[in-house]
Amino acid sequence: MKVNICNIKNNGKRNYAHFDKRLGLKETYKYISIPENVEKHNFYPFIFYDKKIYKFSKEKGKNGKSRPICYASHIDRCIYQYYAYILNQMYNEYVCELNIDKCSIAYRDNKRKSNIHFAKEVFDYIKQTKNAYVIVGDFKGFFDNLDHEYLKKQICKLLNVQKLSNDMYSVFKSMTKFSKCHLEDILSLNGFANSYKGIKELNAKETVMDLETFKRFKKDHLIKNNNKFGIPQGSSLSGIFSNIYMIDFDYNMKELANRNNGLYRRYSDDFILVIPGEDINKFKECYEAMITIIDDTPGVLIERDKTKAYFYSLCSIKNITKVLIPEMEDSKNIINYLGFSFDGKGISIRPKTYGKYIYRMRRKIDRIEKCNGITYKGNKISYDKVYEKYSKKGLKKGKRKSNFISYVRLSRRIFKGEEEISNIEKYHMEKIAKVIKQKRVKYSK
């Protein structure tokens, strides 16, 4: 397939430092577009860090978990982008032929829609059914559990080949038998702290270390994936590999939904299944059929604690999770999907999404007050930065192109007439001013 690199998003150089010098697709195209080069290419280890994923609620406050995020060297990233683009085009055609194009909505390069559009589509569908059962769930350790043999089989099926070509196999092997080094170890080697400041100083370097140091460093710090499952999360190929992996799953779930005049959607490791009607026994049969489809897909494990079931009727939602999973307690009568909450009548931005915005805004203000508005370099920080990043003031001409308030505005336009969404922008300036006042009182004591 002939590839025009102008069609590949973000094809320029990256700002981060890695084991090799910064390169973009333009500089590497002549090399990466020749299969023989990719076949013999020696891939660098990924650099990874543990990203904190925080959740927010009024009941539990802030809590979170860590997720390892990997990023490839510059030449390797270009190879991954190039092959991800090729696979994406073939995937887009293939899922259209199978009539499952609408099922998988994450990591797609042809949808031109956001999670807001996808959420609205599902909520509108539920509303027009008048009566429907809904299952919302996700998969446990999704990328960490993808079976390598099954993934290879699915890629071969997509490419309509019995065996992967040498160059494609080289790329596949680099993503399955990958190696990685911890960012913290690299920072330590360079004498930098494991902090925002330290990472910034590291990224100012041309490379994180010279070749001789790298040879010594990897002897003690290289972590290899010797398992027959798992791919790194964060690379250009991770998303398309996961979608290819789930082709049969998506097809079988779509067939289950079709047999029951329902709807099925999957966003990476999150999914939703809507079954119209009032027959609870029929719904239980659908749930068991869904579990069979999951069990038949290697490496895909449902997160039972996060699986929720609901019944929608007469503009109200009832949580019926316990009907399907007796050991689970029914929770709130609200369907949460792709960052939005639906209570049967109205739609709002999910509380934990709004809570994350409030937490980050409060943390930014806290930092300013804690250091009396002076950075470690002696520069003055004003509250203009807070308003630029967290308010509508940042959306004025010449300012930031987007922030949480721009997301709220887009949500308001798509979900027309939803008062709960509109109220966030209506009162957000007062909220920021209130937090600034609270922090000033705290640090003036």
Rounded accessible area of C371 (nearest 10 Å², 1.4 Å probe): 50 Å²
Hydrodynamic radius by Kirkwood, which averages 1/r over all alpha carbon pairs of the range 285-350, in angstrom: 13.2 Å
Solvent-accessible heavy-atom area per residue, rounded to whole Å², over the chain at 1.4 Å: 54 Å²
Shape call, the range 191-241: gyration tensor on alpha carbons, a/c limit 1.5: oblate
Under 17 Å from the Cα of K318 - lysines, other chains or at least 8 residues apart: K127, K130, K284, K306, K308, K332, K345
Label assignment, Rg and Dmax of the Cα atoms in Å derived from the structure, set [x] 24.2, 72; [y] 21.2, 69; [z] 22.6, 74: [x]
Long-range amide H partners of R14 with built H, under 5 Å: L23
Euclidean distance of C-alpha centroids, the range 166-210 and the range 229-280, integer Å: 33 Å
P(r) of the range 145-300 over all Cα-Cα pairs, binned every 10 Å from zero, in whole percent: 9, 27, 24, 20, 13, 6, 1
Fraction of accessible area attributable to carbon and sulfur, the chain (%, probe 1.4 Å): 48 percent
Helical segments meeting 20 Å axial Cα length and Kyte-Doolittle -0.5 threshold in the chain (DSSP H): 74-97, 115-129, 280-295
Computed accessible area, D269, all protein chains, 1.4 angstrom probe, square angstrom: 40 Å²
Percent antiparallel among DSSP beta bridges (both partners in the chain, rounded to 5): 90 percent
Mean residue ellipticity (222 nm) of the chain, computed from DSSP H runs ≥ 4 via -39,500 (n - 2.57), nearest 500: -14500 deg cm²/dmol
Cα shape, the range 229-274, gyration tensor, a/c 1.5 rule: prolate
Loop-resident sites, the range 192-293, for GluC sites (Glu not before Pro), counting at most 16 other Cβ within 10 Å (DSSP): E206, E278
Calculated diffusion of the range 28-166, Stokes-Einstein form, Kirkwood radius summed over Cα pairs, 37 °C and 0.692 mPa s, µm²/s: 171 µm²/s
Contour minus Cα-Cα distance for K224 and C156 (0.36 nm per residue): 22.0 nm
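The values are calculated or read from the model by the stated rules, or taken from the named source; none is laboratory data. Just so you know, these numbers come straight off a predicted model, no measurement behind them. Don't worry about glycine lacking a Cβ; one is built from the backbone with ideal geometry, like all the others, and counts go over all protein chains shown. Protein only, heavy atoms only, side chains kept; ligands, DNA and RNA dropped before computing areas. Shrake-Rupley method; radii C 1.70, N 1.55, O 1.52, S 1.80 Å.
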